[in-house]
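Structure, as C-alpha cells:
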Amino acid sequence: EQPAAVCGELRLTHAQLYERVARLIAALRAMGLADGTRVAVVGPNCHRYLELYLAVPAAGFVLVPLNARHTERELRYALGDSGTRVLFATADFRGLEDAVERFVELPDGYDALLGGAEPGSWGEVREDDLAGLFYTGGTTGEAKGVMLTHGNLIANAYHFMACWPFTPATRWLVVAPMFHAAGTIGVLATVWAGGCHVI
C-alpha cells in the first residue's frame, strides 16, 4: 500500500501499479503480439508512460520510446526502422496511424484498453533478450536505435543503486523526458526498492 507513483492529482500504490501493469500485459497479449514485437510510445511524461516502460519488456516485447520533439519524418523513420507494430501516442501524433498496425491514443484509448483486460502474468525473458530500442537524436545523420537487453537494464539499475541509497523512502522526481535515458534511469531502481516516482 506504499506509494509507487504520483502524477498530478493521481496517486498509485505499488499494488495498484502492479495491477495496471499486469492488465497492460494482458491487453498487449490479446492483440496477438509475438515475443520481440516492437511497441512504441510517444507523448508526455505521465504514469501511463511508466506503466508502458515496465509492462512492455516484462511481457517479452520490445519498448521503443520516441522523441516527442522529433518531426513526423523522423518519427516515421524510427517506426519503420524498428519495425514497430503498436504505437501508443497522444492525439498530437494521429498522423502516424498509417505507419503502424495498431494506434492506441493516450490517454482515453489506453485507459479503455486497461479497463477491458484482466491482469496477465509476466513473460519469460532471458538476460540477453532485447528489452528496448532507444533512438539517438540523429545529430550525425539518421537517428540510430540503441539496443538494450534485459541484462543491460538490470546492470544499469545495479550501478545506479550503488551510487544512491534507494529505499522504500525514496521519492524519485522525474523531470527529464521519459523518452530519454535521463528520464527513465531511476525507474527500475525505484520500483525495486519500493520507492515512489513523482512524475
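The values are calculated or read from the model by the stated rules, or taken from the named source; none is laboratory data. Please read these numbers as outputs of a predicted model, since none were measured by experiment. Note: ideal-geometry Cβ built from the backbone for every residue, glycine included; neighbour counts use all protein chains shown. Side chains are part of the model used for accessible areas, which takes the heavy atoms of the whole protein and leaves out ligands, DNA and RNA. Shrake-Rupley method; radii C 1.70, N 1.55, O 1.52, S 1.80 Å.
Here are the numbers for this structure:
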item: Test: residue in the stretch 144-152 that is part of a loop (DSSP other than H, G, I, E, B), open to solvent by less than 90 Å² (accessible area, probe 1.4 Å) and modelled with pLDDT of 90 or more; result: no
item: Looking only at the stretch 153-178, and only at residues there that are hydrophobic (A, V, I, L, M, F, W, C) and farther than 24 Å from Val41 by Cβ, the one that is most open to solvent (accessible area, probe 1.4 Å); result: Trp164
item: Residue ID - surrounded by the most Cβ atoms within 10 Å (Cβ to Cβ), chosen from residues in the stretch 179-199 that are part of a loop (DSSP other than H, G, I, E, B) and at pLDDT below 95; result: Phe179
item: Scope the stretch 75-128; condition touching a helix residue (DSSP H, G or I) at 6+ places or on another chain (Cβ under 9 Å), charged (D, E, K, R) and closer than 24 Å to Leu148 by Cα; matching residues; result: Arg76, Arg126, Glu127, Asp128
item: Subset of the stretch 116-141 [under 21 Å from Met178 (Cα atoms) and touching a residue at least 24 places away in the same chain (Cβ under 8 Å)]; result: Leu130, Ala131, Gly132, Leu133, Phe134, Tyr135, Gly137, Gly138
item: Residue in the stretch 42-52 that is more than 27 Å from Val198 (Cβ to Cβ) and either of a type in the set (Lys, Arg) or surrounded by 19 or more Cβ atoms within 10 Å (Cβ to Cβ) (or both) present; result: no
item: Unique residue being of a type in the set (A, V, I, L, M, F, W, C) and touching a Gly at 6+ places or on another chain (Cβ under 6 Å) when the list is Val64, Val100, Val125, Val104; result: Val125
item: Top-ranked residue of the stretch 94-119 - restricted to ones that are small (Gly, Ala, Ser) and more than 17 Å from the chain's Cα centre (by Cα), ranked as farthest from Leu33 (Cα to Cα); result: Gly95
